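Please read the structure below before turning to the comments.
The values are calculated or read from the model by the stated rules, or taken from the named source; none is laboratory data. Here the structure is a predicted model, which is why all the values come from computation and not from measurement. Note that each Cβ is placed from the backbone with ideal geometry, even for glycine, and that neighbours are counted across all protein chains shown. Note: areas computed on protein heavy atoms with side chains; ligands, DNA, RNA excluded. Shrake-Rupley method; radii C 1.70, N 1.55, O 1.52, S 1.80 Å.
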Amino acid sequence: MAEEAAVRAQADTVRRLKQDNADPDQIAKEVAKLLEMKAQLGEDEGKHKFVLKTPKGTRDYGPKQMAIRERVFNAIISCFKRHGAEVIDTPVFELKETLTGKYGEDSKLIYDLKDQGGELLSLRYDLTVPFARYLAMNKITNMKRYHVAKVYRRDNPAMTRGRYREFYQCDFDIAGQFDPMIPDAECLKIVHEILSDLELGDFLIKVNDRRILDGMFAVCGVPDSKFRTICSSVDKLDKVPWEEVRSEMVGEKGLSPEAADRIGEYVQLHGGLDLIEQLLQDPKLSQNKLAKEGLEDMKLLFEYLTLFGITGKISFDLSLARGLDYYTGVIFEAVLLHQENEHVEEPVSVGSVAGGGRYDGLVGMFDPKGRKVPCVGVSIGIERIFSILEQRLEASEEKIRTTETQVLVASAQKKLLEERLKLISELWDAGIKAEMLYKKNPKLLNQLQYCEETGIPLVAIVGEQELKDGVVKLRIVASREEVNVRRESLVEEIRIRTSQ
């Protein structure tokens, strides 16, 4: 073990020297030393030891976790379908140039792949850019689609908070030229429906508009060239206090302290229609064309959200910035609120669970003629939602079923394997989810115990007397009650008893 620790320490030394751009000769010397130590270790062990772990920022999902996951996916997908979306799929990797320049400061998190036969490829970072590429490539100008798939980010993973390098996104987008704010309001309604349906606790959907942000930056004296970088600083306000964001803007990004203070007056505001009205009267903001357009659309959006009856969970929040470069209009993010105190508007440690916005220019970036297809969409953060549900289930110790088996085909006496096989085949052919134990003569007690352990609700017992009478004994596991059911009525009886 001491030798392995020494090898690890030497590997760290090499890594550090490379990061510090040390003298190449020194690096070569240390690398040679590392290889020699590894060779010695190899001789000692005689054979290579596998490290049994998943790569950093990834995880396995066992049957219990997958059961929770499927429940969540089903709730989300049925909501997308309820709103009339079609489903598509795209490759897990794209041409590198497709993804380059679409994500602002987050571009450094894109996973590049090795050059394969002259194509420079990268793993997809989200599902939005591939969707825009799909629309442009197929000359589609009108579509409502959903897409559930894995995406990849070369991030520093924080697995306890549901941050991974490989994770699922569940996206819903509306592409096409429509009257303002109607599709945008529907996207917010979808987030509200999903978060209510999953019963994750109290949540808040923060809404802002890129045009209001850009207008605000302009009237506060931020130079055009600094809009995006200041935007990504403002985006951190949900995680760090204003003082830290201000010092980043001034110290690292070279913004004047006066401009930073003026931004500070705005980004700490949040409210509803009353705040929108107040800002429409603001002497500086109301003079800015972009901000005025954004505020007027925001007012319209809140009118529609009022008709949907969901404004109680929506907050117009000027600190919401969403760092991605492609947003052009409304942006939104859903956060979960602390459960201890209803009045504390602080997201729980898992952070945001959904986000999205309007991106009217993205498809045009791919179209050879620059034809624009306006789009708005939302992405549900399944991993974070999953983290919460998993923790909650662990705490509640609720038993989770990992199969959907409706009935176990069992026998009470020996030499009835053929009869069990005949009966289970009938049930499978009728679409019933059925199992049996893989033994010629299993004990009845073992068969019943298996049902208790796995949560199978019914047992269909075949015995010599039952075969003579043309019936099957159906046992209800929970109540231990037994009824004789005619063989021809068995399928219907199982369906009725397991339909709840």
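Using the Cβ atoms and a cut-off under 14 Å, what net charge is assigned to the surroundings of Gln10, where Lys and Arg are +1 and Asp and Glu are -1? Numbers along the way, then the final one.
Details: positive: Arg8, Arg15, Arg16, Lys18, Lys29, Lys33, Lys38; negative: Glu3, Glu4, Asp12, Glu30, Glu36.
That sum, taken over residues with Cβ under 14 Å, equals +2.
For the peptides 381-390, 359-368, 397-406, residues were scored by their other Cβ atoms within 10 Å and the scores averaged per peptide; the highest-first order is 381-390, 359-368, 397-406. Placing pseudo-labels 7 Å out from each Cα toward the beta carbon at Arg82 and Glu199 gives an inter-label distance of 1.5 nm. Once backbone amide H atoms are built at 1.01 Å from N, Ala354 has Ala334, Gly381 as its partners under 5 Å, excluding neighbours fewer than 5 places away on the same chain.
Which of Lys102/Lys189; Lys440/Lys473; Lys422/Lys468; Lys56/Lys150; Lys64/Lys206 have a Cα-Cα distance over 22 Å?
On the way: Lys102/Lys189 27 Å; Lys440/Lys473 19 Å; Lys422/Lys468 15 Å; Lys56/Lys150 16 Å; Lys64/Lys206 33 Å.
Pairs exceeding the cut-off: Lys102/Lys189; Lys64/Lys206.
Each label point was placed 7 Å from the Cα along the Cα-to-Cβ direction; for Asp282 and Lys226 their separation is 1.8 nm.
With a ≥ b ≥ c the root eigenvalues of the C-alpha gyration tensor of the stretch 332-478, is it rounded (a/c under 1.5), prolate (a/b larger than b/c) or oblate? It comes out oblate by the Cα gyration axes.
For the chain, adding -39500 (n - 2.57) for each run of n ≥ 4 DSSP H residues and dividing by the number of residues yields -13000 deg cm²/dmol at 222 nm. Kirkwood-type hydrodynamic radius, the chain: 27.3 Å, calculated from all non-identical alpha-carbon pairs. Bridgeable aspartates and glutamates around Lys439 (alpha carbons under 15 Å apart, same-chain partners fewer than 8 residues away excluded): Glu418, Glu419. Here the stretch 418-434 is scanned for amide nitrogen atoms under 16 Å from the site 7 Å beyond the Cα of Leu444 along Cα-to-Cβ, giving 420. Computing FRET efficiency as 1/(1 + (r/R0)^6) for Asp112 and Trp428, where r is the C-beta to C-beta distance and R0 is 45 Å, gives about 0.40.
Along the stretch 418-430 the Karplus relation, 6.51 cos²θ - 1.76 cosθ + 1.60 evaluated at θ = phi - 60°, assigns HN-Hα couplings of 4, 5, 5, 5, 4, 5, 5, 5, 4, 5, 4, 5, 8 Hz to successive residues, with x for each Gly and Pro. Sequentially through the stretch 463-479, phi angles give Karplus couplings (6.51, -1.76, 1.60; θ = phi - 60°) of x, 4, 5, 4, 4, 5, 7, x, 10, 10, 7, 9, 9, 8, 4, 5, 9 Hz, Gly and Pro residues having no value and appearing as x. Under the simplified labelling scheme, the Glu482-Lys56 pair shows an inter-label distance of 6.0 nm, with each label point 7 Å from Cα along Cα→Cβ.
How would you classify the stretch 407-497 from its alpha-carbon gyration tensor, with a ≥ b ≥ c the square roots of the eigenvalues: rounded for a/c under 1.5, else prolate if a/b is greater than b/c, otherwise oblate? Cα axes put the stretch 407-497 in the rounded bin. For the chain, the per residue solvent-accessible surface stands at 53 Å², with DNA, RNA and ligands left out and a 1.4 Å probe. Note that the stretch 275-286 has calculated 3J(HN,Hα) couplings of 5, 4, 4, 4, 6, 5, 8, 4, x, 8, 5, 5 Hz, one per residue in order, obtained from phi through the Karplus relation 6.51 cos²θ - 1.76 cosθ + 1.60 (θ = phi - 60°); glycine and proline are x. As a length-normalised measure over Cα pairs under 8 Å and 6 or more apart, the relative contact order of the chain settles at 14 percent. Tell me whether the stretch 1-41 comes out rounded, prolate or oblate; compute the Cα gyration tensor, take square roots of the eigenvalues as a ≥ b ≥ c, and use a/c under 1.5 as the rounded threshold. Oblate, since a/c reaches 1.5 and b/c is not below a/b.
Peptides 173-183, 129-139 ranked from most to least packed by the mean count of surrounding Cβ atoms within 10 Å: 129-139, 173-183. In a fully extended conformation the segment linking Ala39 and Ser396 would gain 123.5 nm over its present Cα-Cα distance, using 0.36 nm per residue.
Using C-alpha pairs below 8 Å separated by at least 6 residues, the relative contact order for the stretch 30-160 is 26 percent. When Asp209, Asp25 are compared by accessible area at a 1.4 angstrom probe, the order from most to least is Asp25, Asp209.
Given a cut-off of 17 Å, what percent of all Cα-Cα pairs of the stretch 246-292 lie beyond it? It would help to have the intermediate numbers written out before the result.
Values: 481 of 1081 pairs.
That tail contains 44 percent of the Cα-Cα pairs.
Check cross-link reach from Lys292 to the lysines: straight Cα distance under 17 Å, and skip same-chain residues fewer than eight apart. Hits, sequence-local ones excluded: Lys284.
Share of the stretch 19-108's accessible area from carbon and sulfur, percent, 1.4 Å?
Details: 3530 of 6420 Å².
Summing carbon and sulfur atoms, their accessible area is 55 percent of the total for the stretch 19-108.
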